[in-house]
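Student: Have a look at this one before I ask anything.
Just so it is clear, none of the values below were taken in a lab; they were calculated from the coordinates. Everything numeric in this text was worked out from a predicted model, so none of it was measured. A quick note on method: Cβ atoms are made from the backbone with ideal geometry, for glycine too, and the neighbour counts reach across all protein chains shown.
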Amino acid sequence: MYLFGSLARGTSDPSSDYDIAVIVKEVPAAYIATISTIRYALLGKTRRPVDISILDAGDLDAVSPLVFEILRHNRLLHGRDVLSRISRDVPRVHPIIMDEATVGYHV
């Protein structure tokens, strides 16, 4: 389980949420129920909203803004560091920025 996003980058502000990535071997069939269970467990323990993304190993092989952000700026919260095996490929991915917003990625 990883923290990513503005809190992991150190650029958060009072309105920032916790972005949590849970990496699993296989995404559970009860995806929504799993996210609800995690959110409920954190309820009252955080002072910020929690945004949870559940990904499997196949998701990590895809180039997407979410995967790029998780790989680029993360902090391991719990479990084995499964991202270290693919982090070496991150420097080859470059964001395409227009008007101060990331609009895509060049691989």
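Student: Highest mean first, what order results for 50-59, 25-34, 68-77 on Cβ atoms within 10 Å? Let's see the in-between values first.
Tutor: Numbers: 50-59: 15.3, 25-34: 10.5, 68-77: 17.5.
By packing density, highest mean first, the sequence is 68-77, 50-59, 25-34.
Student: Can you give me the convex hull volume of the Cα atoms of region 2-106, divided per residue and expressed in Å³?
Tutor: On the way: hull volume 12.4 nm³, N = 105.
Convex hull volume per residue, Cα atoms: 118 Å³.
Student: Another question, then. What is the local net charge at F4, summed over the other residues whose Cβ is closer than 13 Å to its Cβ (Lys, Arg +1; Asp, Glu -1)? Intermediate values should be presented prior to the final figure.
Tutor: Values: positive: R9, R72, R75; negative: D17, D19, D51, E69.
Summing Lys and Arg as +1 and Asp and Glu as -1 gives -1.
Student: Quick one: net charge of V82's neighbours, Cβ under 13 Å, K/R +1, D/E -1?
Tutor: -1
Student: From the helices alone, meaning DSSP H stretches of at least four residues, give me the mean residue ellipticity at 222 nm for the chain, per-run term -39500 (n - 2.57), in deg cm²/dmol to the nearest 500.
Tutor: Details: 4 runs with 28 residues, N = 107.
Helix-only estimate at 222 nm: -6500 deg cm²/dmol.
Student: If each residue of separation counts as 0.36 nm, what is the full-extension length gain between L66 and R39 once their alpha-carbon separation is subtracted?
Tutor: On the way: separation 27, 0.36 × 27 = 9.72 nm, distance 1.95 nm.
Extra length from L66 to R39 when fully extended: 7.8 nm.
Student: With the cut-off at 1.5 for a/c, could you classify region 33-87 from its C-alpha gyration tensor as rounded, prolate or oblate? Walk me through the intermediate numbers first.
Tutor: On the way: a/c = 2.03, a/b = 1.86, b/c = 1.09.
Prolate, because a/c is 1.5 or more and a/b exceeds b/c.
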